[in-house]
């Protein structure tokens, strides 16, 4: 990675840190089991990771290979599955796109493991700020109540002091721009992101707000009103215009639940990644991880939803806005796919290997998996 480690140690006793990580990993295979951490240990995670966030840029500049994950929302057992199938941070680089807390039942375990990995691997493990890493949002949607029930309100405030220092975007190999939400009508130069000052709360309007809250929409050209009641929606034309202006190839974002865990927009110039399968126990969506190799070839690992009994309630169940309406698909296996999206023109007329046995002739560099599998349907890998 382009980031260089400061000569001064990031600072946390390695024995203590490894002990925390080991306890957090011990509950693998026992969904819902709480991990016993002390308030002192959690405070230490917040203080040390906050220090690292502030020593690294607001706009991270990263190099592949790297794995990119979307919303987690306190679904701790799914986070552990994600690392089981995607690889542990000791083995590969990670970028998470935000929304670690709220909604799920184990936001504390989720954020503590992520902060612990950030401290242990500061130059290989990266966390962006999501719309729920904001005190006014996680006060309402679950994290406050979880902190108050298991510890106290003071600890919740310590977490939010840490969240106020998170970076808000990442640029991978100068070609892929990543953020939680999306574009902003106020974003004209990437230096504007670099110059955002931290620590900061999330304002109700403006560049930082939009980076965390805006959504792509097939129903608008240009900029539109967002039915979330905050920020904007943006059309495919704005995606193309932005990529051309800044010599970029792809926007990678999260923020919306999508059925297959990933969804393309604007002729595959933008991709939404969502990594919390069976979100809120009602969506029956898959989760996904996007991997980039050294050449920016992309692959997606899909995690099947774990079936739970249906839950019913009144009113809204989520602040995560669904993508376009989807037909329900039952996923029976973990699927690994290569979607043959080229971020730069490298191959024309070459034979490419799909999985381990299928060889495909590519005649144009922007073909996707849908070109070869109508409807995007894929065979499960055993």
Scanning the range 68-87 for residues that are more than 15 Å from residue 21 (Cβ to Cβ) and buried (at least 22 other Cβ atoms within 10 Å of the Cβ) gives 68, 69, 70, 71, 72, 73, 74, 75, 78, 82
Criterion (closer than 14 Å to residue 134 by Cβ and in contact (Cβ under 8 Å) with a residue 60 or more places away in the chain) met by exactly one of 199, 203: 199
Hey, residue 195 hits all of (1) under 17 Å from residue 56 (Cβ atoms); (2) crowded, with 18+ Cβ neighbours inside 10 Å but one; which does it fall short on? (2)
Give me the residue from the range 235-255 that is outside any helix (DSSP H, G or I) and either more than 20 Å from the chain's Cα centre (by Cα) or free of Cβ contacts under 8 Å to residues at least 12 places away in the same chain (or both) and, out of that set, nearest to residue 273 (Cα to Cα). 235
Identify, by number, the condition in (1) out of contact with any helix residue (DSSP H, G or I) (no Cβ under 8 Å at 6 or more places or on another chain); (2) surrounded by fewer than 23 Cβ atoms within 10 Å (Cβ to Cβ) that residue 274 doesn't meet. (2)
The correct count of residues that are crowded, with 21+ Cβ neighbours inside 10 Å and either at pLDDT below 95 or more than 17 Å from the chain's Cα centre (by Cα) (or both) in the range 289-304 is 2
When you scan the range 231-256, how many residues do you find that are under 22 Å from residue 66 (Cα atoms) and in contact with a strand residue (DSSP E or B) (Cβ under 6 Å, 6 or more places away or on another chain)? 7
For residue 31, indicate whether it is in contact with a helix residue (DSSP H, G or I) (Cβ under 7 Å, 6 or more places away or on another chain), more than 22 Å from residue 163 (Cα to Cα) and surrounded by fewer than 21 Cβ atoms within 10 Å (Cβ to Cβ). yes
Within the range 279-288, how many residues are out of contact with any helix residue (DSSP H, G or I) (no Cβ under 8 Å at 6 or more places or on another chain) and either assigned to a strand (DSSP E or B) or crowded, with 20+ Cβ neighbours inside 10 Å (or both)? 4
Can you tell me which residues in the range 135-158 are touching a helix residue (DSSP H, G or I) at 6+ places or on another chain (Cβ under 7 Å) and in contact (Cβ under 8 Å) with a residue 24 or more places away in the chain? 135, 138, 142, 143, 146, 147, 150, 151, 155, 158
Do we have residue 115 as buried (at least 24 other Cβ atoms within 10 Å of the Cβ), out of contact with any helix residue (DSSP H, G or I) (no Cβ under 9 Å at 6 or more places or on another chain) and either in contact (Cβ under 8 Å) with a residue 12 or more places away in the chain or in a helix (DSSP H, G or I) (or both) here? no
Just name the residue that is surrounded by the fewest Cβ atoms within 10 Å (Cβ to Cβ) out of those in the range 178-188 that are touching a helix residue (DSSP H, G or I) at 6+ places or on another chain (Cβ under 8 Å) and free of Cβ contacts under 8 Å to residues at least 60 places away in the same chain. 186
Out of 90, 131, 107, sole residue that is at pLDDT 95 or above and surrounded by fewer than 24 Cβ atoms within 10 Å (Cβ to Cβ): 90
Of 74, 87, 98, which residue is without any contact (Cβ under 8 Å) to a residue 40 or more places away in the chain and within 20 Å of the chain's Cα centre (by Cα)? 87
Residues of the range 256-269 satisfying the condition of being in contact with a helix residue (DSSP H, G or I) (Cβ under 7 Å, 6 or more places away or on another chain) and in a strand (DSSP E or B): 265
Within the range 206-226, restricting to residues that are surrounded by fewer than 20 Cβ atoms within 10 Å (Cβ to Cβ) and out of contact with any strand residue (DSSP E or B) (no Cβ under 8 Å at 6 or more places or on another chain), the one that is nearest to residue 182 (Cα to Cα) is 207
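The values are calculated or read from the model by the stated rules, or taken from the named source; none is laboratory data. Quick caveat: nothing in here was measured; it's all calculated off a predicted structure. Quick reminder, even Gly has a Cβ in these numbers, built from the backbone with ideal geometry, and neighbours come from all protein chains shown.
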